[in-house]
Amino acid sequence: MEALLSKSLRRTKDLTEVDLERLKDSPLIGLYFTASFCGPCKKFSSMLKLFYEEINADKVNFEVIVVPSDHDEAAYKAYVADMPWLSVPFGDLKIKELQGKFKINGIPALIVVDNKGNLISKEGRKEVSVKGEEAYNEWLENIPK
């Protein structure tokens, strides 16, 4: 994951630093490309939060990392304050790198990778919206052995 992400992430609630080691126990990670100015993002964020809470009812099995597209740090901070996830730091160079790597042309987008950084799904948003918890089970089945 170090090749894919910055050496440290931030908690969205308080923006404190979190080490990448935290991700090794999550078999799947959602890279959530979003921004405060995006209406569809706000709607999907609510849906993703419910999905996240259902999947992680017992323990964290699915981590979500916000990859912000905001142009204003204050707007970004206000937007992510109620999210239960991690975030690539605002303004981090990895944001553009991730957008390019996964060919992000619009937001919201949810890319699902395993904890080694292997691509599992480029259609996470659609799968969460249509399949709910079943999407998670299908992603688990697609982790390389």
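Kindly indicate whether residue 124 is surrounded by fewer than 20 Cβ atoms within 10 Å (Cβ to Cβ) and either free of Cβ contacts under 8 Å to residues at least 40 places away in the same chain or over 20 Å from residue 13 (Cβ atoms) (or both).
Working: surrounded by fewer than 20 Cβ atoms within 10 Å (Cβ to Cβ): no; either free of Cβ contacts under 8 Å to residues at least 40 places away in the same chain or over 20 Å from residue 13 (Cβ atoms) (or both): yes.
Against the criterion (surrounded by fewer than 20 Cβ atoms within 10 Å (Cβ to Cβ) and either free of Cβ contacts under 8 Å to residues at least 40 places away in the same chain or over 20 Å from residue 13 (Cβ atoms) (or both)), residue 124 does not qualify.
Is it the case, given these coordinates, that residue 67 is of a type in the set (Val, Ile, Thr), modelled with pLDDT of 95 or more and in contact with a strand residue (DSSP E or B) (Cβ under 6 Å, 6 or more places away or on another chain)? When the stated conditions are applied, residue 67 passes them.
Restricted to the range 101-116, and to residues there that are among the charged types (D, E, K, R) and assigned to a loop (DSSP other than H, G, I, E, B), the residue that is surrounded by the fewest Cβ atoms within 10 Å (Cβ to Cβ) is 103.
Remark: pairs (first residue in the range 59-72, surrounded by fewer than 18 Cβ atoms within 10 Å (Cβ to Cβ); second residue assigned to a strand (DSSP E or B); Cβ separation under 8 Å; 6+ apart in sequence or on different chains) = 61/28.
With open to solvent by 40 Å² or more (accessible area, probe 1.4 Å), modelled with pLDDT under 95 and among the hydrophobic types (A, V, I, L, M, F, W, C) as the only criterion, which of 93, 119 stands out? None of the others qualify; the one that does is 93. Of all residue pairs spaced 6 or more apart or on separate chains, those with beta-carbon atoms under 6 Å, a first member in the range 129-145 that is farther than 16 Å from residue 45 by Cα and a second member that is open to solvent by 60 Å² or more (accessible area, probe 1.4 Å) are 144/118. The set of residues from the range 79-100 being without any contact (Cβ under 8 Å) to a residue 60 or more places away in the chain, in a helix (DSSP H, G or I) and not acidic (Asp, Glu) comprises 79, 95, 96, 100.
The values are calculated or read from the model by the stated rules, or taken from the named source; none is laboratory data. Just so you know, these numbers come straight off a predicted model, no measurement behind them. For neighbour counting, all protein chains shown are included, and Cβ atoms are generated from backbone atoms with ideal geometry for every residue, glycine included. Note: areas computed on protein heavy atoms with side chains; ligands, DNA, RNA excluded. Shrake-Rupley method; radii C 1.70, N 1.55, O 1.52, S 1.80 Å.
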